[in-house]
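See structure below.
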Amino acid sequence: MTKPRHQPHRFRQPSARRPVSRFDFIEGIARLAASGAVEITDLVEGIHREIVVKPFERVIPGWSGYWDRSISSKVYCVVRKAMSFSGEATATTLRALNSKLERYEQNADLPKTLKLLNNVINGVMGDHLVTLHSPLAAPMLVYDRYGDLHCETQLSGRVLLMVHGLCMSYLSWDPGQASGMGEHIVYAEPDVTLLMLDYNTGRRISLNGRDLSDLLEELVLKNPQITQLDFVGHSMGGLIVRSAMFCAKQEGRSWLPLAKNLICLAAPHHGAVLERIGFYLQQTISKIPIAGNLAHLLDLRSAGIIDLRHGSVRDDDWEFLTEGRMGRGSDFRRPAPLPANVNCFLVAVTIDKSPQTAGRDILGDGLVNISSALGEHPGDHDLNVPENHKAVFYDVNHMEAQFHERVREQVIRWLGMSQRQIDVRGERIISVPDVRVEAA
């Protein structure tokens with residue numbers, strides 16, 4: 001058997017269970033700037049080398065080894081070491097200073113603007129941050145309906161966990177705001193205790209899924225009065241919950257029997273078209289003489305984004321890849337069926353104005369097409385969700401899916417229906433502007 005290229009659980013816990021502070025952010029940006037400078041130096045050297053070596057290596061014997069002996073190669077090496085040393089020295093100094101400042105400033109949380117920026121950094125290169133032990137790497141944490149870090153307060157009854165998507169955070173749900181989906185759900189279902197997950201969206205989906213499974217196991221063991229767990233996941237968030245459920249089923253976790261409802265909003269269950277386009281673009285660029293080194297820039301995108309190529313939620317979708325971190329263009333996933341005890345509801349949105357103007361469903365909502373969001377796929381990868389558990393909303397884009405009024409109303413309806421017996425009639429709910437119809 002081929003040895004795994006990556007160790008699946010090596011960096012399960014990216015940092016301590018506390019939010020990224022302002023001090024962490026300052027230190028992390030210093031480290032990131034230094035590593036970025038080194039990466040750019042490598043890229044420039046690679047292009048320089050191809051310009052000098054490629055045209056002549058086939059006609060001049062031994063010319064391919066010229067670069068390693070050249071003055072240019074030694075200059076690049078000195079620049080690389082200087083960049084790395086200065087970055088580490090700056091970061092170490094800041095860390096020492098920050099450790100002293102933290103004793104005197106109790107409220108060192110990131111302002112909302114910096115939090116949003118850190119979300120994007122984590123989404124784009126979050127797995128690299130974990131590997132580098134960067135303080136920018138966001139830990140997996142739980143917040144309450146008001147956006148405060150969840151403490152050891154006792155939970156009971158029905159608990160709803162909302163899970164955000166790529167490059168986003170718990171703030172994406174507008175906690176404590178009347179406009180937020182969470183507040184509308186609590187108003188319609190007063191018996192629900194609302195929680196929101198925050199996590200590093202650049203890590204492997206399956207690793208985040210395992211961490212979520214661990215977190216939920218800890219939650220139900222500390223709160224034995226919890227009787228039901230519901231989930232609402234936007235985009236990647238739906239895949240994270242599916243991954244946690246798959247892991248929990250494999251390991252016989254005690255929280256899984258309490259899971260009753262999973263509502264996925266525009267989740268790429270069978271992948272996102274834009275990531276597949278990005279992969280093929282990278283493959284094409286890598287074959288172009290001289291420009292081949294530019295393809296390495298696309299290597300910097302996170303493992304979380306790579307998993308969105310086909311919607312991978314299992315460890316063994318990537319553990320044994322012989323092609324390296326980037327994987328293959330073809331669909332190499334293993335099936336990940338939903339647990340039988342969970343009611344799954346799927347929302348797809350599309351930028352098409354109505355069913356009459358719908359195109360060929362290439363991009364759907366701009367990132368995820370309709371069939372992927374509805375879990376429809378030939379063979380074992382089909383999620384087999386009943387037709388009346390699916391809804392398509394027109395004239396809504398991907399980002400709007402988590403707060404759009406019509407989507408929100410459907411989520412509340414499903415959460416209320418789930419308390420009663422659902423009549424499965426094989427119908428699909430289709431929502432168009434100002435009109436709601438049902439079609440067989």
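One decimal place: the segment A340-T131 gains 71.6 nm when fully extended, by the rule 0.36 nm per residue minus the C-alpha distance. Note on K112 and D148: their simple-model spin labels are 1.8 nm apart, each label 7 Å out from Cα toward Cβ.
Here are some pairs, K112/K260; K115/K249; K222/K249; which of them have Cα atoms lying more than 30 Å apart in this structure? Walk me through the intermediate numbers first.
Details: K112/K260 33 Å; K115/K249 34 Å; K222/K249 20 Å.
Listed pairs above 30 Å: K112/K260; K115/K249.
With the simple spin-label model, which puts each label point 7 Å out from Cα in the Cβ direction, the S156 to I351 separation comes to 4.9 nm.
So how many Å³ per residue does the convex hull of the Cα atoms of region 126-280 work out to? Working shown, then result.
Values: hull volume 19.7 nm³, N = 155.
Spelled out: Cα convex hull of region 126-280, divided by residues, is 127 Å³.
Between Q250 and E387, the contour length at 0.36 nm per residue exceeds the alpha carbon distance by 46.6 nm.
Work out the FRET efficiency for E319 and L274 from their Cβ-Cβ distance, taking R0 = 25 Å, and round it to the nearest 0.05.
Result of the calculation: an efficiency of 0.50.
Take the Cα of S330, step 7 Å toward its Cβ, do the same at D174, and the gap between the two points is 4.6 nm.
Any read-out appearing in this document is the output of simple, stated calculations on the displayed coordinates, not a laboratory observation. For clarity, every value in this text was computed on a predicted model and none was experimentally measured. Cβ sites come from the backbone with ideal geometry, for glycine too, and all protein chains shown count toward neighbours.
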